[in-house]
1. Residue 44 to residue 64: FRET efficiency via 1/(1 + (r/R0)^6), r the Cβ-Cβ distance, R0 22 Å, to the nearest 0.05?
2. To the nearest 0.05, how large is the calculated FRET efficiency for residue 9 and residue 131 if R₀ is 25 Å and r is the Cβ-Cβ distance?
3. How long is the gain from residue 147 to residue 104 if the chain were fully straight, where each residue apart is worth 0.36 nm and the alpha carbon distance is subtracted?
Ligand SMILES: [Zn+2]
């Protein structure tokens, strides 16, 4: 049926349709389940999945945390072969940085984009396309986020 459903709910942050799930975070949880059961060796993509989800839900970050997340995205996309190394280095970096600033946003202090990006791909798209295409789709999703952030002036080239 092509008639839009007036009752259709959209995620207030990324705009994904949340029919069939209670909130957008359920899509993330499904992907994390795939990561940890590591079907087809997909667990290697876990960091990029979480990063992509969070970048589309920036309120989870403090303003400084969001800037760091954007740097991580750029680094992942420039050096996709360094995923595992990044994982180890990032853990050390997080441990030292946590002392100096908060990564997590709070109700009073959280990140937002100066202009709302137009997302072309969301967590719901990755989950709906299914596990067999999961790894390739997370990479595609991450690249689409970089593109949307650049287009909206939230990320410099
Ligand atoms: Zn969402």
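Since every read-out is calculated from the coordinates, none of them should be taken as a lab result. All of these numbers come straight from a predicted model, not from anything done at the bench. A quick note on method: Cβ atoms are made from the backbone with ideal geometry, for glycine too, and the neighbour counts reach across all protein chains shown.
1. Efficiency for this residue pair is about 0.20.
2. 0.50
3. So the extension gain works out to 13.1 nm.
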